[in-house]
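Notes follow the structure.
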Amino acid sequence: MIKEIWINLPVKDVKRTKDFFTKIGFTLNKQHPDTDHSVGFMVGNKGLVFMFFAESVFKSFTQHDLTDTKQSSEVLFSFDAESHKEVDEMAEKVKNAGGDIFSNPAENQGWMYGFAFADPDGHRWNMLHMDLNKIPKG
């Protein structure tokens, strides 16, 4: 049976990635070594693991070409927020850390409030506060 899931992503500069995600509030994963070639973070209350590997190391694992994140999206990672305020605060952290906000904080469909950004390597993320009581019925 599967015990955990780790999300692995290639990055051009592990130190820059570590700095960026530390500045926006992700928690370093102390169980995995922090090296010149990789860094790990624990995300969320349940501790989902994100591992960032130097592109050459990642490519050796996958034995496959990497997506050019300037030309296409590989995936959109979404995480929830407790409030509109938390969304706005994270957007400010991302901006100050050098992330690219490609969708500013805004209401969506009448029951979601969120924003979306790209990290320094172009991986795409969004943060949403969802008011489930406002989801249209039917």
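The values are calculated or read from the model by the stated rules, or taken from the named source; none is laboratory data. In this text the structure is predicted, and so the values were computed from the model without any measurement. For neighbour counting, all protein chains shown are included, and Cβ atoms are generated from backbone atoms with ideal geometry for every residue, glycine included.
Here are the numbers:
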{"read-out": "Test: residue in region 61-82 that is in contact with a Gly (Cβ under 8 Å, 6 or more places away or on another chain) and at pLDDT 95 or above", "value": "yes"}
{"read-out": "Helices (runs of 4 or more DSSP H) fully within region 12-101 counting 2 or more residues that are within 30 Å of Asp131 (Cβ to Cβ), not assigned by TED's automatic domain parsing to the domain that holds Ala116 and not aliphatic (A, V, I, L, M)", "value": "14-23"}
{"read-out": "Residue within region 76-91 that is at negative phi, under 11 Å from the mean Cα position of the chain (by Cα) and polar (S, T, N, Q) present", "value": "yes"}
{"read-out": "Candidates Lys70, Lys18 - the one that is basic (Lys, Arg) and surrounded by 14 or more Cβ atoms within 10 Å (Cβ to Cβ)", "value": "Lys18"}
{"read-out": "Lys70 vs. criteria of a type outside the set (Ser, Thr, Tyr) and either within 15 Å of the chain's Cα centre (by Cα) or under 21 Å from Gly44 (Cα atoms) (or both)", "value": "no"}
{"read-out": "Residue identified as more than 18 Å from Trp125 (Cα to Cα), modelled with pLDDT of 95 or more and of a type in the set (Asp, Glu) among Glu92, Glu86, Glu55", "value": "Glu55"}
{"read-out": "Positions within region 103-138 being within 16 Å of Thr69 (Cβ to Cβ), in contact with a helix residue (DSSP H, G or I) (Cβ under 8 Å, 6 or more places away or on another chain) and either in a strand (DSSP E or B) or among the basic types (Lys, Arg) (or both), in sequence order", "value": "Phe117"}
